[in-house]
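Remarks on the structure that follows.
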Amino acid sequence: MFNVHGRWEYSIESPTIYIKVIGCFNREGIQAFTKDVFADLAKLPPQSIEYAVINLAEFELVTADSLAVATEYFHGVKARGYKRVVYIQASAVAKSLLEHIWRGSDMDIQFYDDIPGYLAKHPEHLYIKTWL
């Protein structure tokens, strides 16, 4: 077993979870992230989160062995009642990988180049601007 690689921060503001992923992730990092998030989401009523907004500005990469874990997590999001997942500032490589992971899922996936672009389309989330 390897040490956890990757850092994350998140804020749950029902019906939205805001997530920042930072650095490089390995399998153990993805597993620790999902365990951490699931523990907090379990405290909420079922299907109370409908939207995920993920800031990738400080994300670097994932290892090949972590992709299966990430794909499983992403596909479980729809089963848990999410309606939309938004990615902010995804690199070209990350965007291509995410588009591949979500292909065929029928999930509403959106990409924004930056936080101002996202907030222009979703002004109701302006209160989270300093956190994103």
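Each of T71, T34 has its accessible area taken with a 1.4 Å probe; listed largest first, they run T71, T34. Sorting L97, L56 on solvent-accessible area from highest to lowest, probe radius 1.4 Å, gives L97, L56. Here r is the Cβ-Cβ distance between K121 and Y73 and R0 is 35 Å; the resulting FRET efficiency, rounded to 0.05, is 0.90. Ordered by solvent-accessible area of protein heavy atoms (1.4 Å probe), largest first, the residues F74, F2, F25, F38 come out as F2, F38, F74, F25.
Here the contact order of the chain, divided by its residue count and restricted to Cα pairs under 8 Å and six or more residues apart, works out to 22 percent.
A simple packing score, the average count of other Cβ atoms within 10 Å per residue, orders the peptides 123-131, 78-86, 98-106 as 78-86, 98-106, 123-131, with the highest score first.
With all protein chains present, how much of the accessible area of the range 1-63 (probe radius 1.4 Å) comes from carbon and sulfur, to the nearest whole percent? Taking all protein chains in place, the range 1-63 shows 54 percent carbon and sulfur surface. Could you work out which residue, out of A92, A70, A52, moves most in a Gaussian network model of the chain, that is, has the largest mean-square fluctuation with Cα springs under 10 Å? Among A92, A70, A52, the largest mean-square fluctuation in the Gaussian network model of the chain belongs to A92. Straight Cα distances below 19 angstrom link K121 to the lysines K83, K129, with same-chain residues fewer than 8 positions distant left out. Classify the chain as rounded, prolate or oblate, taking a ≥ b ≥ c as the square roots of the eigenvalues of its Cα gyration tensor: rounded when a/c is under 1.5, otherwise prolate if a/b is larger than b/c and oblate if not. Rounded shape, in that the Cα axes give a/c under 1.5. Between K95 and D114, the simple label model (points 7 Å from Cα in the Cβ direction) yields a spacing of 1.5 nm.
Computed from phi, the 3J(HN,Hα) profile of the range 116-126 under the Karplus parametrisation 6.51, -1.76, 1.60 (θ = phi - 60°) reads x, x, 5, 5, 5, 8, 10, x, 5, 9, 4 Hz, with x in place of Gly and Pro. Seen from H122, the other residues with C-beta closer than 15 Å to its C-beta sum to a net charge of -2, counting Lys and Arg as +1 and Asp and Glu as -1. By the rule of a C-alpha distance below 19 Å, with chain neighbours fewer than 8 residues away ignored, the lysines paired with K35 are K20, K43, K78.
The values are calculated or read from the model by the stated rules, or taken from the named source; none is laboratory data. Because the structure is a prediction, the values reported are computed rather than measured. Note: ideal-geometry Cβ built from the backbone for every residue, glycine included; neighbour counts use all protein chains shown. The protein model used for the area step is the full one, side chains on, heavy atoms only, and it has no ligands, DNA or RNA in it. Shrake-Rupley method; radii C 1.70, N 1.55, O 1.52, S 1.80 Å.
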